[in-house]
1. Given the residues 58, 94, 81, 52, which is the only one that is more than 30 Å from residue 201 (Cβ to Cβ) and not in a helix (DSSP H, G or I)?
2. When you look at residue 224, is it surrounded by 15 or more Cβ atoms within 10 Å (Cβ to Cβ), modelled with pLDDT of 80 or more and touching an Asp or Glu at 6+ places or on another chain (Cβ under 9 Å), yes or no?
3. Which pairs turn up if I take residues in segment 133-150 that are at positive phi and look for partners that are outside any loop (DSSP other than H, G, I, E, B) and not acidic (Asp, Glu) with beta carbon separation below 8 Å, at least 6 apart in sequence or on another chain?
4. Filter segment 102-127 for residues that are among the basic types (Lys, Arg) and more than 15 Å from the chain's Cα centre (by Cα); which is surrounded by the fewest Cβ atoms within 10 Å (Cβ to Cβ)?
5. Being open to solvent by 70 Å² or more (accessible area, probe 1.4 Å), modelled with pLDDT of 90 or more, closer than 30 Å to residue 198 by Cβ and touching a strand residue (DSSP E or B) at 6+ places or on another chain (Cβ under 8 Å): is that true of residue 141 here?
6. Filter segment 116-159 down to residues that are acidic (Asp, Glu) and either under 20 Å from residue 200 (Cβ atoms) or in contact with a helix residue (DSSP H, G or I) (Cβ under 7 Å, 6 or more places away or on another chain) (or both), then give me how many there are.
7. Got a sec? Which of 100, 135, 202 is within 19 Å of residue 244 (Cβ to Cβ) and not aromatic (Phe, Trp, Tyr)?
8. When the residues of segment 29-60 are filtered to those that are free of Cβ contacts under 8 Å to residues at least 12 places away in the same chain and within 18 Å of residue 84 (Cβ to Cβ), which remaining residue is surrounded by the fewest Cβ atoms within 10 Å (Cβ to Cβ)?
Amino acid sequence: MHLILKIYAAASRLNGKSLAVSAFVFFLFSSCMIRILEPAKFESVFQGFWWTVVTASTVGYGDYYPETVPGMLLGVFVIFTGLFLIGAIVGRITEQILKLKRSKGEGRLPYAKEDHYVLIGWSEEKSRATVEELLQSDPSRDVVLIDRLAHAPFSHDRFHYVQGDPTMFETLAKARVERSRNVIIFAPVGETDPLKADGQTLIIATSIEHYGRSANAAGRDIYTIVEIVKAAHEQNFAYANVDEFILSQQSTSHMMAKSSLHKGSSQLFMQLLSDSYGEDLREIAPREHWRTYGEAYEELKQEGANLIADRKDLGIIRKLDEPLPKEARLFIICDDSTYARIRDDK
């Protein structure tokens, strides 16, 4: 028994290449030998190979079997050797799968896809809610988090964690930031000084802008959305080509004030911020036959959607006769079924 364990341990220590070579030699040797020892029973080397695989894996179909003593002795050799060899192969594969899973959990594996969402900075309150909302609202795209946590803080098939410094090009490359749909940078958690908090965020945003210019072979800008703590710092982020700003805490303050002035209005904002209410804010591309905002407005209204904005312009209801620019980004409010129908009809 001790000898058997030593043999199995020795087989388990073989590296992948040695294990593959050993398996190839074993199956080739056994297939040829059974053909030589039992030519009447095994008319081809392939039949010998089939018998070797079935015997080594202890399946034992019984369609081919040796009838001479030398053939039976070879069968005993195939059974025991195959037991160790296949056991070692299965063990090595299992080890590699566990190693891969551990590396992914620790954020050491690079992300390989594109057109994904990238989040920088984790917090249980803001980041988790954002990840869950993105995964639910956009089932076609993955979410990649960059942070310095020891392990991935969230588990989902379409969630990928990259551990590292978001100001380093190596980390940004692992997350394929240059191929992302957009990047969301959260204000650092626990930093009470607005100057330090926005300073850290600004360094990250600047690093992404620099990385985008040097590594973005696709020739497209990296769209960045940044959470800032102090409104007065917004002008400083303009130099980093940040596309959108979200003021931390200020949105909550405005919502509380609006709810006090207009009771029940907070529910309207909540419906726009989450897709769990049915009606949601969506973006659509202009159709070729739309010449004015009015034509777009009327056609979308007939389809059950409210056209409310072109980019950040909420006043298009007062410019329905104006031409619709080709670069327009139209935002509508509708439910899931209406949005699906509108996209199919484009």
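The values are calculated or read from the model by the stated rules, or taken from the named source; none is laboratory data. Predicted, not measured: the structure shown is a model, and the values here were computed from it. Because the Cβ atoms are built from the backbone with ideal geometry, glycine has one as well, and the counts that use them run over all protein chains shown. Note: accessible area is taken over every heavy atom of the protein model, side chains too, but ligands, DNA and RNA are not part of it. Shrake-Rupley method; radii C 1.70, N 1.55, O 1.52, S 1.80 Å.
1. Numbers: 94 fails: not in a helix (DSSP H, G or I); 81 fails: not in a helix (DSSP H, G or I); 52 fails: not in a helix (DSSP H, G or I).
On inspection, the qualifying residue turns out to be 58.
2. In short, yes.
3. none
4. If we take residues in segment 102-127 being among the basic types (Lys, Arg) and more than 15 Å from the chain's Cα centre (by Cα), then 102 is surrounded by the fewest Cβ atoms within 10 Å (Cβ to Cβ).
5. no
6. 3
7. Every option except 202 fails the conditions.
8. Residue satisfying both the conditions and the ranking: 59.
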